[in-house]
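The values are calculated or read from the model by the stated rules, or taken from the named source; none is laboratory data. Please read all numbers here as calculations on a predicted model, not as lab measurements. All Cβ positions, even for glycine, are placed from backbone atoms using ideal geometry, and neighbour counts span all protein chains on display. What goes into the accessible areas is simple: the full protein's heavy atoms, side chains included, and nothing from ligands, DNA or RNA. Shrake-Rupley method; radii C 1.70, N 1.55, O 1.52, S 1.80 Å.
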Amino acid sequence: RARKALESAGAMVMPKQLPDEFDNAVSSLNTILRRDIAVNHGGDRDREGEQMSGRMRDLVDLGRAISNEQFANAVRHAEGYRQLLLNLLADDSIIVAPATDGAAPPLEEGTGSADLQGLYTLTGLPALAVPFGKVDGLPVGVQIVAAPGREGLLLAVANEIQVQERSHKQGLETSAR
């Protein structure tokens, strides 16, 4: 529906699949995040670890086990992913992708997987999740990504997606009457 909404607003949409090189992007992100957590919170763990949640203690411990070489490789991979995405974002293009891998889970089950947003966190590209309908009564969204410095384009596309979604909802309400 998001693709159709953008096409009806006059955008040219060209479906693409990320190359296989992106299969390990989440692993690179986790390596970088865990290492950074260990560096920044390791002293807290040593001094007051019993005050931390078990999850935080585990993250610090996992980060401490990451070697300098593993960390450097993850950073190199992140830079490569960024360059590949920047190539896709030439000529004022945007990426439209799922924001999550399904509908929002009930609150007591957490927030769901962050893997799909992780790629854009890893590469430092401006990204925005836009609500776009519901599945089984639960919200779903699309994620839009732009090149650095193209945040205005990102916001304009997000606005257009919202306009099209409101129009879709109004059409459904009208046909239900």
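Which of the residues spanning the stretch 131-153 are touching a Gly at 6+ places or on another chain (Cβ under 9 Å), surrounded by 15 or more Cβ atoms within 10 Å (Cβ to Cβ) and in a loop (DSSP other than H, G, I, E, B)? If the condition is that a residue be touching a Gly at 6+ places or on another chain (Cβ under 9 Å), surrounded by 15 or more Cβ atoms within 10 Å (Cβ to Cβ) and in a loop (DSSP other than H, G, I, E, B), then Ala146 is the only one that fits.
For Gln17, are the conditions met, namely being under 30 Å from Val163 (Cβ atoms) and either of a type in the set (D, E, K, R) or open to solvent by 40 Å² or more (accessible area, probe 1.4 Å) (or both)? Taking the combined requirement at face value, the residue satisfies it.
So if I check each of Ala104, Ala158, Ala129, which one is in contact with a Pro (Cβ under 9 Å, 6 or more places away or on another chain) and either farther than 23 Å from Arg34 by Cα or without any contact (Cβ under 8 Å) to a residue 60 or more places away in the chain (or both)? Residue meeting the stated conditions: Ala104.
Here the stretch 91-109 is the region considered, the condition is being open to solvent by 50 Å² or more (accessible area, probe 1.4 Å) and out of contact with any helix residue (DSSP H, G or I) (no Cβ under 7 Å at 6 or more places or on another chain), and the residue that is nearest to Ser27 (Cα to Cα) is Glu109.
Considering only the stretch 4-13, I want to know if a residue exists there that is of a type outside the set (Gly, Ala, Ser), closer than 30 Å to Ala158 by Cβ, touching a strand residue (DSSP E or B) at 6+ places or on another chain (Cβ under 9 Å) and crowded, with 17+ Cβ neighbours inside 10 Å. Break it down stepwise before answering.
First pass over the stretch 4-13, keeping only residues of a type outside the set (Gly, Ala, Ser): 4, 6-7, 12-13.
Imposing the further condition that a residue be closer than 30 Å to Ala158 by Cβ reduces the set to 4, 6-7, 12-13.
Those left that are additionally touching a strand residue (DSSP E or B) at 6+ places or on another chain (Cβ under 9 Å): 6, 13.
Now narrow it down to the ones that are crowded, with 17+ Cβ neighbours inside 10 Å: 6.
Yes, that holds for at least one residue.
The set of residues in the stretch 110-123 being open to solvent by 50 Å² or more (accessible area, probe 1.4 Å) and under 11 Å from the mean Cα position of the chain (by Cα) consists of Ala114, Asp115, Leu116, Gln117, Thr121.
Checked against the criteria, Leu88 does not count as modelled with pLDDT of 95 or more and hydrophobic (A, V, I, L, M, F, W, C). Here is the figure for the stretch 132-152: residues that are under 25 Å from Gln83 (Cα atoms) and either in contact with a strand residue (DSSP E or B) (Cβ under 6 Å, 6 or more places away or on another chain) or touching a residue at least 12 places away in the same chain (Cβ under 8 Å) (or both) total 9.
The set of residues in the stretch 31-87 that are open to solvent by 50 Å² or more (accessible area, probe 1.4 Å) and either at positive phi or among the hydroxyl-bearing types (Ser, Thr, Tyr) (or both) contains only Ser53. Number of residues in the stretch 34-47 that are of a type outside the set (Asp, Glu) and free of Cβ contacts under 8 Å to residues at least 12 places away in the same chain equals 3.
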